[in-house]
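The values are calculated or read from the model by the stated rules, or taken from the named source; none is laboratory data. What you see is a predicted model, and the numbers here were worked out from it, not measured in a lab. Neighbour counts run over all protein chains shown; Cβ positions are idealised from the backbone, glycine included. Accessible surface is based on the protein model in full, side chains and every heavy atom, while ligands, DNA and RNA are left aside. Shrake-Rupley method; radii C 1.70, N 1.55, O 1.52, S 1.80 Å.
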Amino acid sequence: MITITDEWADGTTDDQPSTPAPATPAAAKRPAPGKRGGAGGKGPDPQPELVFQNVEQFVTDYLAPTIRRNINGVSLTWCRTWWRHPEALSRLTAMWRAWENLRQDPAVGISNWWLHHADPHLRVLLDGDTGPFSACSLEGHSEFPYAPLPVEAADPAMWLSPAFSAAPKPTDTPAAS
């Protein structure tokens with residue numbers, strides 16, 4: 001586990017992880033006045049550094065040590081090879097990306113992350129009956145025992161509607177020069 005300095009640290013022991021802070025102070029990442037993007041600026045806002053370089057690092061170094069639950073394999077379950085479950089990988093990636101963005105709000109960012117991202121995703125991920133790990137056990141991974149959702153191809157004309165497609169409407173095409 002990587003230890004990351006936390007400006008809110010309360011002196012707890014290393015086995016009780018705290019919210020990691022960015023590698024450099026937030027003030028150092030703020031652009032100088034007049035250097036912001038947009039109409040009055042001189043370029044885009046700089047992108048803040050990521051605390052975790054990928055979802056695996058986020059799960060291994062932050063989420064797994066932080067989440068403490070009675071993972072009994074019945075009401076709550078987890079798979080130590082979580083990356084082998086497409087839904088779990090997608091949800092955990094969404095949690096990581098949201099965390100990286102919301103950690104920059106010193107007022108309520110992490111609270112918003114817990115309430116609107118972590119809690120809903122964890123309810124689904126850890127659900128022992130219907131979650132993506134529900135066929136796995138404390139002993140190990142189960143090789144996708146459930147079939148993917150059944151689908152049937154739609155009529156291609158259905159996707160011509162702007163409500164169902166990202167394709168530009170014919171009138172949106174640029175005029176020839």
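In this structure, the amide hydrogen of Ser137, modeled 1.01 Å from its nitrogen in the peptide plane, lies closer than 5 angstrom to those of Ser142, counting only residues at least 5 positions away or on a different chain. Estimated from the Cβ-Cβ distance and a Förster radius of 35 angstrom, the FRET efficiency linking Thr60 and Val151 is about 0.55.
Nonpolar atom fraction for the range 60-129, defined as the carbon and sulfur part of the 1.4 Å probe accessible area, stands at 54 percent.
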